[in-house]
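Nothing in this text is a laboratory measurement; each read-out follows from the coordinates by a stated rule. The model shown is predicted, which means the values in this text are computed figures rather than measured ones. As a convention, Cβ positions derive from the backbone with ideal geometry for all residues, glycine included, and neighbour counts pool all protein chains shown.
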Amino acid sequence: ASAPPAAPGGRYGVTPDEEQAGPLGGAGRGRAGRGQFMDAFGNACSPGFDPDRDLQRVGLANQTTMLMSESIAIGEMIRRAMIDRYGAAALPDHYRALETICSATQDRQDALERLLDAHRCDLAVVVGGYNSSNTRNLARICAERMPTYHIAAPACLISADELRHQPLDAASGGPAAQAVTRDWLPADGDFTIAVTAGASTPDSVVGEVIEKLTLLAGPE
């Protein structure tokens, strides 16, 4: 995660996901001690950040490629904390959420959810750079429902027996983060593969991946 420059005199905290954001709820209600909050956010907030002082009025902004469902969950956590502490009538004075998620990112996440709701798929192949946050989030959505492989290029589809990919829990980046999985195709010859791609993945690359999948997974 990254922190944009705050306004002069402004304070900020950065959290990568809903789990790490948990202490915000207690601190926002004024129920978590300074030590408890700083244990979680000490290296991810502005110098001199004081939860007792600086969580009285909170604005939420997201990395543009963040997973939308997670952004909503974190926002709801903060909103509930502010209501519990100050009351619903005073909420506008204590909490604001900014719509900063890229529309292309949100459109792809929504389209993927609709695809997976409408069709039973046996595995998913997600195409995009290994440092791409929006591609990794698409892979997370798929992985909640089926085996999922995040690949960077058609060449990652080595054969019907081997596939090179970046595991969902791996640190993004170079070759050290990649793995080769054998027997990645379902044993049953009758299966459906979901294919999606990050917002910056060229359509031509997606087309090549689909062609290679058809070749590898098609009838012999």
With DSSP loop assignment and no more than 14 other C-beta atoms within 10 Å, the GluC sites (Glu not before Pro) in segment 12-94 are none
Highest-MSF residue in the chain out of D117, D188, D161 [GNM, Cα springs under 10 Å]: D188
Assign one of three labels to the chain, namely rounded, prolate or oblate, based on the Cα gyration tensor with a ≥ b ≥ c the square roots of its eigenvalues; rounded applies when a/c is under 1.5, prolate when it is not and a/b is larger than b/c, and oblate otherwise. prolate
Listed residue (G75, G30, G129) projecting farthest to the positive dipole end of the chain, Cβ model: G30
Once you order the gyration tensor axes a ≥ b ≥ c over the Cα atoms, which shape class does segment 18-97 get: rounded for a/c under 1.5, otherwise prolate or oblate by comparing a/b with b/c? oblate
Would you please put 123-132, 94-103 in order of how densely packed they are, using the mean number of other Cβ atoms within 10 angstrom per residue and starting with the highest? 123-132, 94-103
Would you mind checking which residues have amide H under 5 Å from L123's amide H? H placed 1.01 Å from N; only 5 or more apart, or other chain. T192, A194
